[in-house]
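Below: the structure, in structure tokens.
Please treat every number below as a calculation from the coordinates, not as lab data. Since the structure is predicted, the reported quantities are computational estimates derived from the model, not experimental observations. Cβ placement follows ideal geometry from the backbone for every residue including glycine, while neighbour counts extend to all protein chains displayed.
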Amino acid sequence: MNLVPASARAGVDIRIPVGVPASVVEEQFSAALVGMEGVSWRVLRRCEASYTPTDTHIVRTVTAAAREVLGRAPAVNMRVGGSDARLFRMKGIPTVVYGPTPYNMGGADEYALVEELHTVAEVHALSALDFLQDT
């Protein structure tokens, strides 16, 4: 505890809530760190927060399919975190993420239940069929 290292590095992964522009967070970092001797920072990757409104066709279709397969209404929520859905939304494509419960997500021994994988596959298939019938 009585030693001071010659240098140190830190990485920060910030998940920005919908409605807060990444530029605002960057400005706050800059303001907080300006003038701190020896401290520098840079953004390695940035994506604006995005979501698909719950009244869109894709959300209604997947929710209905999940209700049919599960026998009850699924929880519809906005999850923080990064997924490939953001890439579709960046191109203006409404997107949802529907999958199994991610036990120990991002940690050692992350897993999902096989039974839930079967259920997810059913919901995906029924959703796709419903979309095809709508076209």
Helical contribution to [θ] at 222 nm, DSSP H n ≥ 4, -39,500 (n - 2.57), averaged over the chain, rounded to 500: -12500 deg cm²/dmol
If you take the beta carbon distance between Asp13 and Thr101 as r and set R0 to 22 Å, what does 1/(1 + (r/R0)^6) give as a FRET efficiency, to the nearest 0.05? 0.50
In the neighborhood of Leu129, defined by Cβ-to-Cβ distances under 13 Å, what is the net charge if each Lys or Arg adds +1 and each Asp or Glu adds -1? -4
With charges set only on the Cβ (+1 for Lys and Arg, -1 for Asp and Glu), what does the dipole of the chain come to about its Cα centre, in debye to the nearest 20? 360 debye
What share of all Cα pairs of segment 41-93, in percent, falls into each consecutive 10 Å distance bin? 20, 42, 26, 9, 3
Kirkwood-Stokes translational diffusion coefficient of segment 54-135, alpha-carbon pairs, 37 °C, 0.692 mPa s, µm²/s: 235 µm²/s
Which one of Val62, Val39, Val24 has the biggest mean-square fluctuation once the chain is modelled by GNM with Cα springs under 10 Å? Val39
With springs only between Cα atoms under 10 Å apart, run a GNM on the chain and tell me which of Met78, Met90, Met105 wobbles the most. Met105
Could you work out the relative contact order of segment 57-134, using alpha carbon pairs under 8 angstrom and six or more residues apart, expressed as a whole percent? 34 percent
Between Thr54 and Tyr111, what FRET efficiency follows from the Cβ-Cβ distance if R0 is 35 Å, with the result rounded to 0.05? 0.75
